[in-house]
Amino acid sequence: MSRYDDLFARLDTAGEGAFVPFIMLSDPSPEEAFQIISTAIEAGADALELGVPFSDPVADGPTVAESHLRALDGGATVDSALEQIKRVRAAYPEVPIGMLIYGNVPFTRGLDRFYQEFAEAGADSILLPDVPVREGAPFSAAAAAAGIDPIYIAPANASEKTLEGVSAASKGYIYAISRDGVTGTERESSTDGLSAVVDNIKKFDGAPIFLGFGISSPQHVADAIAAGASGAITGSAITKIIASHCEGEHPNPSTIRDMDGLKKDLTEFISAMKAATKKV
Amino acid sequence: MTEKENLGGSTLLPAYFGEFGGQFVAESLLPALDQLEKAFVDATNSPEFREELGGYLRDYLGRPTPLTECSNLPLSGEGKGFARIFLKREDLVHGGAHKTNQVIGQVLLAKRMGKTRIIAETGAGQHGTATALACALMGLECVVYMGAKDVARQQPNVYRMQLHGAKVIPVESGSGTLKDAVNEALRDWTATFHESHYLLGTAAGPHPFPTIVREFHKVISEEAKAQMLERTGKLPDVVVACVGGGSNAIGMFADFIDDEGVELVGAEPAGEGLDSGKHGATITNGQIGILHGTRSYLMRNSDGQVEESYSISAGLDYPGVGPQHAHLHATGRATYVGITDAEALQAFQYLARYEGIIPALESSHAFAYALKRAKTAEEEGQNLTILVSLSGRGDKDVDHVRRTLEENPELILKDNR
């Protein structure tokens, strides 16, 4: 049983969906990122989606793109990301940790070594937003060899053929998006046709579905769960809260001005989002 | 990958050149790439499309462009009597550079696909200008992403685009240059591909862009080959073109690739020197990675973070390179060499002073290599014909060259005429 299986079993019994925050490692520093992650888990996050920063995050909108750069301005490295994952894993042995990393990072490190190191650090799954199923075979094979679940994105209004491929290639969960475009709250998650999205993917009998992109309010979470998703992922809305507490201008490193204030804001937001996962 | 049924779908044409290329984009963009590929394949097989494109190339862009043999260069003692240098005059294409060839092709494809809005990225503004003029001609909405730094440096081109009715959006994120403009254009396209076509400006990016851009620029080498045969009775010994992303070079190489006896050389921007860290000689630099949808040579650090490139010529200032060039290098079919800012500036002044042509700083890199080869030909007592892609005109660079030469008087050409 993987940590994802355990999570879905537990939530099923409780009659809840999963709330999954996306948090960038090293943003704005490894120590501060760890405190942010701990706060998110204490506030009710069921699983984590953690980012490793990349210089050219083309699948991300302005909020998350800035968090990549903030982390890099602070001197973020892949080695440091691995250290942070180890620390989170040691503190929270049960929480599923998903990773979101752009393809050039594993390619540069060497696929076998990359997946092995992230598995050893304690990651459960890895999603590469710029590697579609069509290019995914070597990545999925290295992931399988290391015991990491490869995750692929099911786009909005995707063809049956695409959804079939995504369902077959994804283990752990499927990351479904309900609207076109990059990440961000600039475009809200589309609530129309959410159940059609979920139903279409479910036809192919794949892993459970998390909905993401533009999920920024408890109502979005409730809609996602009501439509049949097993959980909802929020990235930009959380990153915005973190950014609002950051001091410093690119390309200089940033710091959190008032960590207690940030923890309070995050706790309030995440508790409300988690509360909306209760099935009605 | 094209023959067998692939998980996630297949392409109609090969997506890879050896180990280079591919489609490293968000899953949600694949339908847009597939639609573009299909439109391109259909258009290529359509006599009406070829006729329409041919009409624009002839009557609007002024093709075929001339082939000019240098009258006074190389100078005596520097290759005269040994090397003949021929210039393929893409500087005379409407818009001032080769760029417009493929822009017209892609705009016609966009119309065939029913797209009403064109997105483009631009560095110095040449591709943006070519796209803006074509959109003005065809009545399409045009949005050009341009790094904020480049907007400040290239005001005349910004205004040219605006005169053509394009909306120029300054990109503040990252380093505020071409790489960031591509990122922003890709983000726009991911959200708007139903009505928008992304008119990528070079032979890089995800499949099918490298193939489409090559095929629409192939006219450069088809014309040049016929012109060389007519003028000299044989193929050139050496063909040289500058390489940033690699669009004029792939167009200049395309029809010569199967002529094994023709040496193909790409001149990369060595900036202040390959050891200085301030350059954009991506292939010479030797590292491979994934950026902007393609696997190719890429300037990056050991963590995979993409590094800033540098060149005196904004059009060559890109940390990646088209995947077919990567393959031509890997197989040894083409050679890629670094040309420094100083060498390019010297070649720029030579062409202006001795041939009455002001070339783009980009093209000056290719011409600098031709001058080097001419010198070597004389040293080795060898006869050589060199064909240079003069990819663009240098009006846009005049101010920059003047400032640079004022600040570095040691680079001013000693006039020995």
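For chain A, DSSP calls about 10 percent of its internal beta bridges antiparallel. Mean projected area of the convex hull spanned by the Cα atoms of the stretch B:66-131, taken over all viewing directions: 6.3 nm².
Near residue B:382, no amide H atom lies under 5 Å from its own; only residues 5 or more places off or on other chains count, and H is placed 1.01 Å from N.
Using a probe radius of 1.4 Å on protein heavy atoms only, what is the accessible area buried between chains B and A, both sides summed, to the nearest 100 Å²? The summed interface area works out to 3200 Å². Does the stretch A:114-269 come out rounded, prolate or oblate, given a ≥ b ≥ c as the square roots of the eigenvalues of its C-alpha gyration tensor, rounded meaning a/c under 1.5 and, failing that, prolate meaning a/b above b/c? Verdict is oblate for the stretch A:114-269. Partner aspartates and glutamates whose Cα lies under 17 Å from the Cα of residue B:111, excluding those fewer than 8 positions away in the same chain, are identified as B:34, B:37, B:42, B:48, B:51, B:52, B:141, B:195. Here the stretch A:219-280 was treated as a single set of alpha-carbon atoms; its pair distances binned every 5 Å from 0 give 4, 17, 22, 17, 14, 10, 8, 6, 2, 0 percent. The equivalent ellipsoid that matches the C-alpha gyration tensor of chain B spans semi-axes of 32, 23, 22 angstrom, in descending order. For peptide B:280-291, the mean count of partner chain Cβ atoms within 10 Å of a residue's Cβ comes to 2. Taking a ≥ b ≥ c as the square roots of the Cα gyration tensor eigenvalues, chain A comes out rounded, since a/c falls below 1.5. FRET efficiency for the residue A:204 to residue A:120 pair, using the beta carbon distance and R₀ = 30 Å, is estimated at 0.40. Using R0 = 56 Å, the C-beta based FRET efficiency linking residue A:252 and residue B:379 works out to 0.60.
Among the protein heavy atoms of the stretch B:14-89, carbon and sulfur supply 53% of the accessible surface, probe 1.4 Å, non-protein parts ignored.
Taking square-rooted eigenvalues a ≥ b ≥ c of the alpha carbon gyration tensor, is the stretch B:307-417 rounded, prolate or oblate, where a/c under 1.5 means rounded and, failing that, a/b exceeding b/c means prolate? Here the stretch B:307-417 falls in the oblate category. Structure note, pairs A:171/A:274; A:161/A:203; B:38/B:115; A:240/A:264; B:80/B:375: Cα-Cα distances above 18 angstrom occur for A:171/A:274. Sorted from longest to shortest, the spans of the Cα atoms of the stretch B:6-68 along the three principal axes equal 47, 29, 18 Å.
With N counted as the residues of the protein assembly as shown, its alpha-carbon radius of gyration over 2.2 N^0.38 Å works out to 1.00. If R0 equals 35 Å, the separation of the Cβ atoms of residue A:279 and residue A:79 corresponds to a calculated FRET efficiency of about 0.25. Counting every C-alpha pair in the stretch B:29-186, the share spaced more than 28 angstrom apart comes to 34%. For residue A:202, a cut-off of 19 angstrom between C-alpha atoms picks up these aspartates and glutamates, skipping any fewer than 8 places away in its own chain: A:5, A:12, A:16, A:149, A:160, A:164, A:192, A:223, B:27. The residues of the stretch B:18-56 occluded by other protein chains by 10 Å² or more of accessible area, set against the chain on its own, are B:23, B:24, B:25, B:26, B:27, B:28, B:30, B:34; surface from heavy atoms, 1.4 Å probe.
Label positions at residue B:19 and residue B:45, each projected 7 Å from the Cα along the C-beta direction, are separated by 3.4 nm. Projecting label points 7 angstrom from Cα along Cα→Cβ for residue A:12 and residue A:42 puts them 3.2 nm apart.
For the stretch A:95-205, the solvent-accessible area with a 1.4 angstrom probe is 33 square angstrom per residue. Cysteine residues of chain B whose Cβ has no partner cysteine Cβ closer than 4.7 Å: B:70, B:242.
Residues of the stretch A:91-131 with accessible area at least 30 Å² lower in the all-protein-chain context than alone (1.4 Å probe)? Hits at the 30 Å² cut-off: A:104, A:107, A:108, A:130. Straight Cα distances below 20 angstrom link residue B:278 to the lysines B:149, B:179, with same-chain residues fewer than 8 positions distant left out.
The values are calculated or read from the model by the stated rules, or taken from the named source; none is laboratory data. Keep in mind that what you see is a predicted model, and the values were worked out from it rather than measured. No Cβ is skipped: glycine too gets one built from the backbone with ideal geometry, and neighbour counts run over all protein chains shown. With ligands, DNA and RNA removed, areas are computed over all heavy atoms of the protein, side chains included. Shrake-Rupley method; radii C 1.70, N 1.55, O 1.52, S 1.80 Å.
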